[in-house]
Amino acid sequence: MLFKIILSGHLEFGTDRTFELVMNMFQQRAETYYKNDILLKSIDIFIAEQNMLDVPRLIVPIATEKSWRNTVHLLDTISQYAIAGNIGAWKLDNGSLVEHAFLEPKGDKTAVQSYLRGRELLIQGQQTEARDALSAAIEKFARHALAYERRGYVNYKLGNINDAMYDFTKSIDIYPHSPEAYMGRAIVRLHQKNHAAAAADLDMAIKTSIPHQPIHWRARRMKGECHVELNEFAKAEFELKLVTNKTFTEGDSNAAWQPRAYYNYGRALFGSGKFKEAFQAADKARHLTQEPSADLLQFVHTAAEKAGVSKN
């Protein structure tokens, strides 16, 4: 059976010595253990100047189960020598996600453990402690883009907006292929009511993610909302049509935001003079919402009047 494979991410090794060790290990294992049945070539992914393995986006249209398994196993092995970074791997069958692997270092290096601890503390809501742990990871490894990105969220939650902007921007400067950092900076820009700059960051979040990641659709929805606020209704309609046509699984966080997506899709259609379609989108939002807001109900009424239809 054949599959489509997508790989994306990077691993930082910190020192020349570790980088050389890992690169040689990759080449030897690819040849000896896996008989070169690997979806990556070392010449394409290892960057000596930065002691890094980098796969911004690799799409393999046709691959076997064995090639997938060999590649994931080899990447997982060398990831444990890394000091920062991660790699995502997706196996697709006719467009449907069959398997997903998330590979990251989990060793005993201080930078690794400080980052993992900080990330877990953030999930637990212990924001001050999370910031301290993430700062410790950065002190140990200055190129820790993921630690900067997570610390950016902590600072945003703590109300340290300027610090959050610095952290997200620093993360992007270190590694410009991570959608999470663009999303974080967009959230800060939205806090600052800078919808145009937020839309630009959200566009990069879309471009650096894939449709099988929830962040991809969150970015599209938020970008559409930015365009509505900027009265760029055609651009908003494009993004929000894609989002509202998407069916999200129950466990996908985007599912809960569909009423809002339909509401803003209606606003975009209304702004373009498509009043009947605007009413239909707004009415869909109303039916999907347990307790519709006054703004939504008023918009349904206004769109219905403009469209010349009756409300049920």
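Annotations
- None of 68, 90 is surrounded by 15 or more Cβ atoms within 10 Å (Cβ to Cβ), under 21 Å from the mean Cα position of the chain (by Cα), aromatic (Phe, Trp, Tyr) and at pLDDT 95 or above except 90.
- Any hit, segment 295-310, residues being within 25 Å of residue 198 (Cα to Cα) and either surrounded by fewer than 14 Cβ atoms within 10 Å (Cβ to Cβ) or within 20 Å of the chain's Cα centre (by Cα) (or both): yes
- Counting residues in segment 229-239 that are over 20 Å from the mean Cα position of the chain (by Cα), hydrophobic (A, V, I, L, M, F, W, C) and farther than 30 Å from residue 180 by Cα gives zero.
- Within segment 271-312, being within 26 Å of residue 220 (Cβ to Cβ), acidic (Asp, Glu) and part of a helix (DSSP H, G or I) holds for 277, 283, 295.
- Yes/no for residue 107 being modelled with pLDDT under 95 and either closer than 22 Å to residue 88 by Cβ or under 21 Å from the mean Cα position of the chain (by Cα) (or both): yes
- The numbered conditions (1) of a type in the set (Gly, Ala, Ser); (2) closer than 18 Å to residue 172 by Cβ; (3) out of contact with any strand residue (DSSP E or B) (no Cβ under 9 Å at 6 or more places or on another chain) are all true for residue 236 except (2).
- No other residue among 115, 148 is crowded, with 19+ Cβ neighbours inside 10 Å, of a type in the set (Phe, Trp, Tyr), touching a Ser or Thr at 6+ places or on another chain (Cβ under 7 Å) and at pLDDT 95 or above apart from 148.
- Evaluation of residue 309 against the conditions (1) touching a residue at least 12 places away in the same chain (Cβ under 8 Å); (2) under 22 Å from residue 243 (Cα atoms) shows that the sole unmet condition is (2).
- Unique residue being over 16 Å from the mean Cα position of the chain (by Cα) and under 22 Å from residue 147 (Cα atoms) when the list is 218, 185, 267, 189: 189
- For segment 155-202, the candidate set comprises residues that are in contact with a helix residue (DSSP H, G or I) (Cβ under 6 Å, 6 or more places away or on another chain) and charged (D, E, K, R); within that set, the residue that is surrounded by the most Cβ atoms within 10 Å (Cβ to Cβ) is 167.
- Count of segment 236-294 residues, restricted to those that are of a type in the set (Ser, Thr, Tyr) and under 17 Å from residue 308 (Cα atoms), is 1.
The values are calculated or read from the model by the stated rules, or taken from the named source; none is laboratory data. Computed from a predicted model, the values in this text were never measured in an experiment. No Cβ is skipped: glycine too gets one built from the backbone with ideal geometry, and neighbour counts run over all protein chains shown.
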